[in-house]
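Undergrad: Got a structure for you, questions after.
The values are calculated or read from the model by the stated rules, or taken from the named source; none is laboratory data. Given the structure is predicted, the values throughout are model-derived calculations rather than measurements. Neighbour counts are summed over all protein chains in view; Cβ atoms, including those assigned to glycine, are modelled from backbone coordinates with ideal geometry.
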């Protein structure tokens with residue numbers, strides 16, 4: 001009887017109503033075989049069939065066998081994008097309650113279908129309709145209470161084998177939404193990825209390589225289980241844009257529009273200050289120290305051109321008369337050979353409050369990058385903020401700004417009256 005209930009349960013419209021994608025690119029409900037789940041570089045949720053149940057701490061459950069097959073193959077071909085699948089399995093014990101409710105629902109539905117042959121009167125037919133509706137709602141509720149095990153494949157490093165994390169999913173939202181929300185909290189799924197988190201993944205990828213291209217990232221992240229599981233290509237591109245805009249490039253990466261094999265140089269190299277307007281597969285994410293080394297080499301190789309406004313002094317022609325004594329107040333101070341080169345730079349600038357990130361990025365690219373690339377350079381950047389609000393600052397804003405400034409490491413924070 002249990003197996004006879006599987007097909008009507010899987011095909012019910014109310015079960016399909018749980019196909020709300022949440023943050024996943026796609027949701028697949030009870031696929032009959034591995035070929036029904038595409039092998040695309042986007043993350044999908046697969047709801048396993050009712051017979052593929054799971055029980056806590058069981059590595060040999062029917063669900064684990066089903067997920068292993070789906071993760072390994074798509075039809076007769078091996079699956080390439082293995083880091084794009086997350087599975088939701090029914091609980092072994094909760095399934096019994098669901099099947100009982102399903103049996104009751106089907107029984108009352110059968111009575112209504114045969115009401116003429118059963119010679120039901122108006123009261124009996126109304127009672128049968130009420131029971132069918134009640135068990136229809138009960139089945140929906142128990143579906144949510146049964147599909148509660150998110151099975152997620154993970155890999156600690158390229159040399160280790162695949163292991164599985166079983167995460168219990170609870171909540172009242174649709175199955176896909178509650179699953180994506182839980183996996184985001186557990187850092188097993190990244191519909192949005194920041195530049196710093198992307199740098200953590202890059203540390204595993206570029207090893208002895210000086211850079212990784214966007215095309216390689218978009219190929220490798222969906223494939224390898226030891227990398228972050230992202231939603232799609234847009235997640236990666238947004239992370240690249242975010243990382244390229246960070247002022248302190250050591251926390252993320254430098255970026256270049258391409259690498260020229262002939263010259264061994266990065267074209268359009270940027271250290272902070274944002275990314276190119278368009279990212280393509282040739283765009284390079286470059287190690288910061290490699291980028292600084294090229295910038296230092298470029299300064300030596302391509303000195304700044306003369307502007308054409310320099311003044312060339314005419315040679316003095318002796319007149320036979322001694323020169324007039326110079327005014328002591330107008331004489332320049334003597335120059336010591338030991339102090340021929342300046343050893344420090346101090347500057348201040350007012351930024352546009354509406355575009356602080358852009359202006360700070362340009363300062364980092366066009367001023368700081370030239371100085372911090374010099375041997376032994378010690379860079380200290382201090383941001384001082386003055387904001388005047390004539391109508392006063394509300395208490396909740398004072399509290400929020402003070403807490404955030406403390407978390408961000410501000411040395412001095414105060415709100416004052418003019």
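Undergrad: Mind checking which residues of segment 271-292 are in contact with a strand residue (DSSP E or B) (Cβ under 8 Å, 6 or more places away or on another chain), surrounded by fewer than 19 Cβ atoms within 10 Å (Cβ to Cβ) and within 16 Å of residue 236 (Cβ to Cβ)?
TA: 276, 281, 282
Undergrad: Additional query: Inspect all residues belonging to segment 353-361 and state whether any of them is at pLDDT 70 or above and surrounded by 12 or more Cβ atoms within 10 Å (Cβ to Cβ).
TA: Scanning segment 353-361 turns up at least one residue that is at pLDDT 70 or above and surrounded by 12 or more Cβ atoms within 10 Å (Cβ to Cβ).
Undergrad: What's the number of the only condition in (1) closer than 30 Å to residue 224 by Cβ; (2) part of a helix (DSSP H, G or I); (3) modelled with pLDDT under 90 that residue 70 fails to meet?
TA: Tallying (1) closer than 30 Å to residue 224 by Cβ; (2) part of a helix (DSSP H, G or I); (3) modelled with pLDDT under 90, residue 70 fails exactly one: (3).
Undergrad: Can I ask one more? Looking only at residues that are more than 18 Å from residue 261 (Cα to Cα) and in contact with a helix residue (DSSP H, G or I) (Cβ under 7 Å, 6 or more places away or on another chain) in segment 205-222, which one is modelled with the lowest pLDDT?
TA: Applying the filter and picking the extreme gives 205.
Undergrad: Take the residues of segment 190-216 that are outside any helix (DSSP H, G or I) and within 14 Å of the chain's Cα centre (by Cα): which is farthest from residue 84 (Cα to Cα)?
TA: Step by step, filter segment 190-216, then rank; the result is 194.
Undergrad: Next up: Mind checking which residues of segment 366-382 are surrounded by fewer than 10 Cβ atoms within 10 Å (Cβ to Cβ) and either over 15 Å from residue 346 (Cβ atoms) or modelled with pLDDT under 75 (or both)?
TA: Once the filter is applied, which keeps residues that are surrounded by fewer than 10 Cβ atoms within 10 Å (Cβ to Cβ) and either over 15 Å from residue 346 (Cβ atoms) or modelled with pLDDT under 75 (or both), segment 366-382 yields 375, 376.
Undergrad: Now, a different point. Name the pairs whose Cβ atoms lie under 9 Å apart, with the first residue in segment 279-297 and on the phi > 0 side of the Ramachandran plot, the second surrounded by fewer than 20 Cβ atoms within 10 Å (Cβ to Cβ) and in a strand (DSSP E or B), and 6 or more positions between them or separate chains?
TA: none
Undergrad: If you scan segment 217-271, which residues turn out to be under 12 Å from the mean Cα position of the chain (by Cα) and in a helix (DSSP H, G or I)?
TA: 233, 234, 235, 236, 237, 238, 239, 240, 241, 242, 243 - these are the residues of segment 217-271 that are under 12 Å from the mean Cα position of the chain (by Cα) and in a helix (DSSP H, G or I).
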